[in-house]
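Notes for the one structure printed next.
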Amino acid sequence: MEVILTGQVNLSAAEANAAGLVSRVVPADTLLNEAMSLAGMIAANSTMSVRMAKEAINRVYESGLSEGLMYERRLFYASLATADKAEGTRAFVEKRQPRFTDSGMRLSPLAQHRGHVAFTSRTGVRLPVSGRRIR
C-alpha cells in the first residue's frame, strides 16, 4: 500500500524477493549465467506449451481467478491434441529427452485478429479455447 500511495520504491533485492516482486536474487557476477541457464530450461520445453502457459498466466491477471482457471483448463485440453504432447509422453516412457517439433497445432491468425482464441489442429479441426464462438 505504501508503494502505491507514495510512489516511492526503495527496496533492496532481498526486500523485493521477500515481497514476492522477483522470482529469485542472485549475485551480480553470476547474473548472466543464471539468466542463460533459466532461458535454456524454458527453451528446452515445447514452444507451444510455453506460449500457452504464458497466455494462461496473463489471462488470470486480466480477469478473475475463476475465468483464468477455466481458460487454463481449455488451453490444457487443447494442448493434449498437439504432436509435442505425444512426443513428450513418448520421451518420458522411453526415458529420454524429448525432441519437440513445435508442430501439431497453431494459433489461428484470423481468430487471434478478431480477439477470439482458437487453435487449429494439423488436421484442420478448430478448437475454441475461449468461450467465444469460432466461425
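Read the figures in this text as sums done on the coordinates, not as results from a lab. Values in this document were obtained by computation on a predicted structure and should not be read as measured data. Heads up, the Cβs are rebuilt from the backbone with ideal geometry, glycines too, and the neighbour counts pull from every protein chain shown.
Here the translational diffusion coefficient of the stretch 2-41 follows from Stokes-Einstein with Rh set to the Kirkwood radius across Cα pairs; for 25 °C and 0.890 mPa s it amounts to 208 µm²/s.
Stretched out straight at 0.36 nm per residue, the stretch from Val3 to Glu67 would grow longer than its current Cα-Cα span by 20.2 nm. Our estimate of slack between Leu80 and Asp29, defined as 0.36 nm per intervening residue step minus the Cα-Cα distance, is 14.3 nm.
Approximating the spin labels as points 7 Å out from Cα along Cα→Cβ, the Glu55-to-Ala39 distance works out to 2.4 nm.
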